[in-house]
2 protein chains.
Amino acid sequence: MSRQPITPEDGKLYEFTPTLEPAVTVDSGESLTVETLDSLEGAIRSDSDRLESIPDEVNAATGPIAVEGAEPGDVLAVDIEAIRLVEDAGRVVTVDGFGLLDGHDDIEAPRSRMTPVDGDAGTITFGDIDVAIDPCIGTIGVATRDDEPGYSTLVPHDHGGNLDTTDITAGNTVYFPVFQPGGLLAMGDCKAAMADGEMCGTGSEIATEIDLTVEVIEQPDFTLERPLVETADAWKPLASAETLEEACELANRDAIALLRNEHDLSGTEAYMLSSLVGGLEISQVVDPLVTVRNAVPKAHCGGPFQ
Amino acid sequence: MSRQPITPEDGKLYEFTPTLEPAVTVDSGESLTVETLDSLEGAIRSDSDRLESIPDEVNAATGPIAVEGAEPGDVLAVDIEAIRLVEDAGRVVTVDGFGLLDGHDDIEAPRSRMTPVDGDAGTITFGDIDVAIDPCIGTIGVATRDDEPGYSTLVPHDHGGNLDTTDITAGNTVYFPVFQPGGLLAMGDCKAAMADGEMCGTGSEIATEIDLTVEVIEQPDFTLERPLVETADAWKPLASAETLEEACELANRDAIALLRNEHDLSGTEAYMLSSLVGGLEISQVVDPLVTVRNAVPKAHCGGPFQ
């Protein structure tokens with residue numbers, strides 16, 4: 001089956017809300033190629049371009065893509081098969097008022113650095129330093145709950161959004177709760193490379209083409225509260241909150257739910273087991289809400305949708 | 001050269017202070033075998049034993065070990081060669097008032113669970129679940145700065161202490177700043193297995209024998225502010241603070257210092273590079289101060305003591 005292309009011209013959004021109009025509608029099981037803009041939409045094209053503030057519209061997410069038959073209570077599985085860079089350079093920026101070390105000595109903002117792509121070498125260059133290309137999707141999510149006001153694409157929450165998670169990459173599958181008919185998936189804000197934490201506020205922001213397959217899991221017994229990433233060796237709930245401490249609590253509760261779904265354990269026992277295997281990981285510490293994941297090794301969890 | 005054994009009978013401490021009396025003195029380059037007690041010193045020997053509160057004396061650290069010639073401004077390198085379990089079971093516990101989900105629904109405290117060791121299988125068992133043995137040292141550190149009051153072995157800080165870091169394990173090297181003559185190294189509180197985060201407040205706490213070699217690095221040009229772990233593929237500064245946010249800032253500043261020590265980069269440029277490679281990791285979120293590390297891949301950092 002050929003892949004259906006979906007481009008920003010088909011549709012793009014800057015806010016995940018409960019009432020999104022589909023840009024396109026696809027079948028469950030369909031394979032797509034989604035084109036994404038760089039998060040700053042070309043505003044930074046040289047080291048001398050500067051971003052004086054975070055734009056009102058940032059992290060354009062291509063979509064929304066309605067998936068035929070998806071209904072609230074279902075889960076939308078997004079299997080990421082490939083992420084290809086389609087620009088000859090990404091960019092890293094600092095912006096005043098943003099980033100982990102904003103205002104610290106020696107940290108200047110706004111500053112920009114282009115990171116040219118050497119496709120043959122599989123690297124981007126930061127000055128004279130070669131950095132391995134390892135793309136991830138920064139912003140990916142679905143329409144929000146009825147009782148929520150909507151979240152800009154700068155913010156992560158239970159619908160996904162600006163999760164900035166290195167594990168949202170080729171070879172992995174991301175699962176989202178379906179809150180609205182069709183699910184209404186959108187994505188953008190890809191990076192050529194990013195560190196866990198995204199400390200300065202960006203990775204190497206770059207336009208991409210993403211090959212993926214979407215599939216509806218109908219009314220699973222397991223209640224998915226938030227996004228969940230499946231990697232080669234672990235299941236990782238993704239929790240976003242005001243503080244890292246709160247996000248850790250949510251992610252740990254989700255990990256406990258995964259363990260209890262599979263093993264005959266009390267809450268306390270699953271909590272103890274979660275303190276022995278896998279563990280907490282940092283996705284990003286800079287978006288207005290921060291994101292943490294809790295890895296549950298596949299050795300101890302076959303997954304919630306079997 | 002045979003290994004010098006050092007046991008809790010030689011000495012153990014419950015507080016890292018500026019004025020520790022050495023239990024033993026060894027030469028730089030000497031290989032040791034350090035015996036450690038379980039962190040609760042045998043208080044929990046069955047599932048029905050309960051820990052009503054954190055003992056005043058917990059995480060007994062064998063030592064302190066003075067290293068001949070170590071002086072303030074030096075760095076003490078501790079190369080961990082092996083950690084052997086010397087009990088037939090570890091234990092996981094919850095304690096009221098302690099742990100990430102303390103007070104949450106479904107989380108009971110105090111509770112205890114013994115985790116028997118199956119040495120042939122290389123596992124501990126948690127109920128009917130096999131968990132791979134993967135030991136780490138929970139508490140390891142040196143005498144504190146002159147201007148500090150001392151820290152109990154329940155607390156991590158710039159001297160080390162209760163770092164509860166899975167990377168402090170066989171095959172890795174931990175570097176500590178030397179604040180006092182002799183350095184005065186002590187360690188204990190080992191785990192048969194532990195998740196990043198140590199969410200319930202413990203791993204599988206167990207007595208061990210640790211093979212290690214200590215070496216003094218005299219007055220390196222690089223100023224080490226806090227513990228640093230060298231793994232097979234990364235350098236990881238370990239920062240402890242009141243909140244995860246503060247710990248992330250410290251660990252990121254340390255990562256920037258490592259990058260700038262090696263590359264001709266401004267602070268801002270190193271900050272940007274730190275947002276592209278490696279990244280923030282969680283050590284533990286439960287000790288009175290929390291601990292975060294920032295991995296700097298060896299691909300980008302040969303290390304500060306070359």
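The numbers here are math on the coordinates, done by the rules we state, and not lab data. Nothing here was measured: the structure is a model prediction, and the numbers come from that model. Cβ sites come from the backbone with ideal geometry, for glycine too, and all protein chains shown count toward neighbours.
Among the criteria (1) within 11 Å of chain A (Cβ to nearest Cβ); (2) small (Gly, Ala, Ser); (3) surrounded by fewer than 19 Cβ atoms within 10 Å (Cβ to Cβ); (4) more than 29 Å from A:Ile133 (Cβ to Cβ), the one B:Ala241 does not fulfil is (1). Checking each residue of region A:76-95 against the condition of being in a strand (DSSP E or B), out of contact with any helix residue (DSSP H, G or I) (no Cβ under 6 Å at 6 or more places or on another chain) and without any contact (Cβ under 8 Å) to a residue 60 or more places away in the chain gives no match. For B:Thr125, the conditions (1) facing chain A (nearest Cβ under 9 Å); (2) under 20 Å from A:Val296 (Cα atoms); (3) over 23 Å from the mean Cα position of the chain (by Cα) all hold with the exception of (1). Restricted to region A:269-300, and to residues there that are of a type outside the set (A, V, I, L, M) and surrounded by fewer than 19 Cβ atoms within 10 Å (Cβ to Cβ), the residue that is farthest from B:Ile107 (Cα to Cα) is A:Pro288. In the set (1) surrounded by 21 or more Cβ atoms within 10 Å (Cβ to Cβ); (2) within 14 Å of the chain's Cα centre (by Cα), the condition left unmet by A:Gln180 is number (2). Inspection of region B:228-245 finds no residue satisfying the criterion of being aromatic (Phe, Trp, Tyr), over 22 Å from A:Phe98 (Cα atoms) and assigned to a loop (DSSP other than H, G, I, E, B). Screening region B:172-226 for strands (runs of 3 or more DSSP E) wholly inside it with 3 or more residues that are closer than 29 Å to A:Asn252 by Cα returns the ranges B:183-191.
Against the conditions (1) without any contact (Cβ under 8 Å) to a residue 60 or more places away in the chain; (2) assigned to a strand (DSSP E or B); (3) more than 9 Å from every other protein chain (Cβ to nearest Cβ), B:Asn261 satisfies every one except (2). The sole residue among B:Thr166, B:Thr125, B:Thr144 that is hydroxyl-bearing (Ser, Thr, Tyr), assigned to a strand (DSSP E or B) and on the phi < 0 side of the Ramachandran plot is B:Thr125.
Only one of these conditions is not met by B:Asp254: (1) free of Cβ contacts under 8 Å to residues at least 12 places away in the same chain; (2) more than 9 Å from chain A (Cβ to nearest Cβ); (3) in contact with a strand residue (DSSP E or B) (Cβ under 9 Å, 6 or more places away or on another chain). Which number is it? Result: B:Asp254 passes all but (1).
Got a number for residues in region A:267-296 being more than 24 Å from A:Thr202 (Cα to Cα), within 7 Å of another protein chain (Cβ to nearest Cβ) and not in a helix (DSSP H, G or I)? Qualifying residue count for the region: 5.
So which residues in region A:197-238 are surrounded by fewer than 24 Cβ atoms within 10 Å (Cβ to Cβ) and either of a type in the set (S, T, N, Q) or within 11 Å of chain B (Cβ to nearest Cβ) (or both), if there are any at all? A:Thr213, A:Gln219, A:Thr223, A:Thr231 - these are the residues of region A:197-238 that are surrounded by fewer than 24 Cβ atoms within 10 Å (Cβ to Cβ) and either of a type in the set (S, T, N, Q) or within 11 Å of chain B (Cβ to nearest Cβ) (or both).
Taken together, A:Asp134, A:Asp130, A:Asp102, A:Asp158 contain a single residue that is within 12 Å of chain B (Cβ to nearest Cβ), closer than 26 Å to B:Leu244 by Cα and among the charged types (D, E, K, R), which is A:Asp102.
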